[in-house]
Amino acid sequence: MTLHENATSAAEPNSVAVINQSAANDQNDASAVDNGINLEDIFEPYFRPEENTIVCGALDEAKVAALAAAGVELVLNLQPDDELSFDERAAVEGSGMAYEQLPISGVNDLKQLKILAFDNILRQHHGKKIAMHCGSGNRAGAVMALRAGWLRGRKIDTAMERGRSHGLTKLAEEVHNRLLVPR
């Protein structure tokens, strides 16, 4: 074995250990932020674009309880009433969290007035731990991308990445096309 091969083979186990330790630290950090609750195991889909922002799919009473236990202060529901299977407002408020609902039924609701209302809700609750949801996270990602592009002046690529980090998938082409039109 040459000196170079020896150095390479000796370095590999340590780098793997560092990566594994880093992943373990990330898991512990998220758990600590969420009062020991592992939200990633509870929600599918689950996005965590920022420490105080959780994006997930539809809720039920057990998921509301998990969000409350994790220290969430606001639940922002982007689903219209006809998509809900229980009284979400009562469950959320009964768990001690604030509740806002801004129904986004689909592409027809991706208008500037809705994005302004969305921005207003986020500004009112700035600095709080927020869980926003729709059926899959797709609409949450769409409104985040449009907010970034239309209201924050971000470039299209940056706005789209912001949306993807919040769950944007199927609506990506529509959002991209809307971002092409200046507001």
- Query: For Arg154, are the conditions met, namely being surrounded by 17 or more Cβ atoms within 10 Å (Cβ to Cβ), in the same structural domain as Glu73 (by TED's automatic domain parsing), closer than 14 Å to Leu78 by Cα and basic (Lys, Arg)?
  - Reply: no
- Query: From the list Leu102, Leu113, Leu180, which residue is surrounded by 14 or more Cβ atoms within 10 Å (Cβ to Cβ) and not acidic (Asp, Glu)?
  - Reply: Leu102
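Can you pull out every residue in segment 159-182 that is over 22 Å from Leu76 (Cβ atoms) and not hydrophobic (A, V, I, L, M, F, W, C)?
Glu173, His176, Asn177, Pro182, listed by residue number.
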- Name the pairs: first residue in segment 34-56 and within 15 Å of Gly71 (Cβ to Cβ) and free of Cβ contacts under 8 Å to residues at least 60 places away in the same chain, second residue part of a strand (DSSP E or B) and charged (D, E, K, R), Cβ to Cβ under 8 Å, at least 6 apart or on different chains? Leu39/Arg48
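Of all residues in segment 57-79, which are under 18 Å from His125 (Cα atoms) and under 14 Å from the mean Cα position of the chain (by Cα)?
Passing the criteria: Leu67, Val72, Leu74, Val75, Leu76, Asn77, Leu78.
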- Item | Residue under evaluation Val143, criteria (1) closer than 22 Å to Glu73 by Cβ; (2) surrounded by fewer than 16 Cβ atoms within 10 Å (Cβ to Cβ); (3) of a type in the set (A, V, I, L, M), criterion not met | (2)
- Query: Of (1) touching a Cys at 6+ places or on another chain (Cβ under 8 Å); (2) farther than 22 Å from Ala69 by Cα, His133 satisfies all except one. Which?
  - Reply: (2)
- Query: Which ranges mark the helices (runs of 4 or more DSSP H) fully within segment 39-94 that have 2 or more residues being of a type in the set (Asp, Glu) and either touching a strand residue (DSSP E or B) at 6+ places or on another chain (Cβ under 7 Å) or surrounded by 20 or more Cβ atoms within 10 Å (Cβ to Cβ) (or both)?
  - Reply: 88-94
- Got a sec? Which helices (runs of 4 or more DSSP H) wholly within segment 97-183 have at least 2 residues that are under 25 Å from Leu59 (Cα atoms), touching a residue at least 12 places away in the same chain (Cβ under 8 Å) and within 16 Å of the chain's Cα centre (by Cα)? 112-124, 138-146, 156-165
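The values are calculated or read from the model by the stated rules, or taken from the named source; none is laboratory data. This is a predicted model, so every value here is computed, not measured. Ideal geometry is used to build each Cβ from the backbone, glycine not excepted, and the neighbour counts take in all protein chains shown.
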